[in-house]
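Before any comments, here is the structure.
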């Protein structure tokens, strides 16, 4: 029996690497004769650098950048040959702030721009940027400032330290000082968000409240993003601002397109392509994937669903082993051959966090027993 363990992170409890290791050991204790392969994955959020750098046999690099509030912080990225793997959350993510500090009017993606610059200095010719987990709604203007773009208001006065509240003031953007190596680098955006920039499904309306925005801030952020996109269109830096994914990471999806000539792709499919996931499927009997909590949104482009679709194409049974599975547990979700939740229902999150490894190990052993019985 050959199994491929390919989980996403269990958000708030286990990294994808930790989950894969726990499952592999638990299954091997029940099925010692099985061939078990481990391929931790990520779809653009936290964990993208570690998962993809490891899969590409690259190295992790540390660098000092500025956090969403402009404070020095140690961040990281991956290098594998001439390919750089970045996650904006390492420099501009929500986890870098306390709940009291979260305020998208005041936060910036400047540190993400510093990460990109450092990767370019290291000779990156290709770049994968995961944009999940942001603390910002600045349309990528902070990132652009770090890259050398200059911003001016209607009176031609320079604007500095750009953040969410700055966007309404922008009237002109000058890119003449930007290092041209940026445009020789092939930059791909890994995102599982398809929201547009503006409107009821846009960056301000949907995501800003999660980043600490009050109801009063939402229309101001919307106005700022609308103004920034209008300036970018007027200057010919983009031709439209309603492309799916433009609203990801507080408008960074649009910002990367405009300022870095990047293109948005499914984070899940990009991860599978980068790690050559499909090449591991021939001869595999079961693929086991999972995440912290599987809910109806999983089937809309999330990593576990994309894995299941590829497995179906190759006629490989895909098993979902997640921390929690919302909805009926009486029958598998349509995409998966079998569905299993590791955590007993109704437990407080703190208890889940403290015991996540034990719960997952027990569930993986139970699953292995079920697979052994099915193979008889």
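Numbers for the structure displayed
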quantity: Residues of segment 258-269 that turn out to be in a helix (DSSP H, G or I) and surrounded by fewer than 24 Cβ atoms within 10 Å (Cβ to Cβ), as a count; calculated: 2
quantity: Residue 115 being without any contact (Cβ under 8 Å) to a residue 12 or more places away in the chain, farther than 23 Å from residue 206 by Cα and touching a helix residue (DSSP H, G or I) at 6+ places or on another chain (Cβ under 8 Å); calculated: no
quantity: Qualifying residues in segment 26-68 (those that are surrounded by fewer than 17 Cβ atoms within 10 Å (Cβ to Cβ) and outside the structural domain of residue 366 (by TED's automatic domain parsing)) - the one nearest to the chain's Cα centre (by Cα); calculated: 60
quantity: Residues of segment 116-141 that turn out to be in a loop (DSSP other than H, G, I, E, B) and closer than 16 Å to residue 58 by Cβ, as a count; calculated: 4
quantity: Residue within segment 228-240 that is touching a helix residue (DSSP H, G or I) at 6+ places or on another chain (Cβ under 6 Å) and assigned to a helix (DSSP H, G or I) present; calculated: yes
quantity: Unmet criterion (only one of (1) surrounded by 18 or more Cβ atoms within 10 Å (Cβ to Cβ); (2) in contact with a strand residue (DSSP E or B) (Cβ under 6 Å, 6 or more places away or on another chain); (3) closer than 20 Å to residue 66 by Cα) for residue 190; calculated: (3)
quantity: Matching residues in segment 288-308 - criterion: being outside any helix (DSSP H, G or I) and more than 24 Å from residue 370 (Cβ to Cβ); calculated: 300, 301, 302
quantity: Of residues in segment 106-132 being buried (at least 21 other Cβ atoms within 10 Å of the Cβ) and out of contact with any strand residue (DSSP E or B) (no Cβ under 6 Å at 6 or more places or on another chain), the one farthest from residue 212 (Cα to Cα); calculated: 116
quantity: Qualifying residue in segment 170-184 (condition: under 26 Å from residue 102 (Cβ atoms) and part of a helix (DSSP H, G or I)); calculated: no
quantity: Segment 184-195 - residue that is out of contact with any helix residue (DSSP H, G or I) (no Cβ under 7 Å at 6 or more places or on another chain) and modelled with pLDDT of 95 or more and, of those, nearest to residue 244 (Cα to Cα); calculated: 186
quantity: Residues within segment 253-262 that are farther than 19 Å from residue 180 by Cβ and either outside the structural domain of residue 171 (by TED's automatic domain parsing) or in contact with a helix residue (DSSP H, G or I) (Cβ under 7 Å, 6 or more places away or on another chain) (or both), tallied; calculated: 1
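Per-residue answers, yes or no, for (1) in contact with a helix residue (DSSP H, G or I) (Cβ under 8 Å, 6 or more places away or on another chain); (2) free of Cβ contacts under 8 Å to residues at least 60 places away in the same chain; (3) surrounded by 15 or more Cβ atoms within 10 Å (Cβ to Cβ); (4) at positive phi:
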| site | (1), (2), (3), (4) |
| --- | --- |
| 294 | yes, yes, yes, no |
| 301 | yes, no, yes, yes |
| 314 | yes, yes, no, no |
| 320 | yes, yes, yes, no |
| 336 | yes, yes, yes, no |
| 344 | yes, yes, no, no |
| 354 | no, yes, no, no |
| 359 | yes, yes, yes, no |
| 369 | yes, no, no, no |
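The values are calculated or read from the model by the stated rules, or taken from the named source; none is laboratory data. Model, not experiment: these values are computed from the prediction. Don't worry about glycine lacking a Cβ; one is built from the backbone with ideal geometry, like all the others, and counts go over all protein chains shown.
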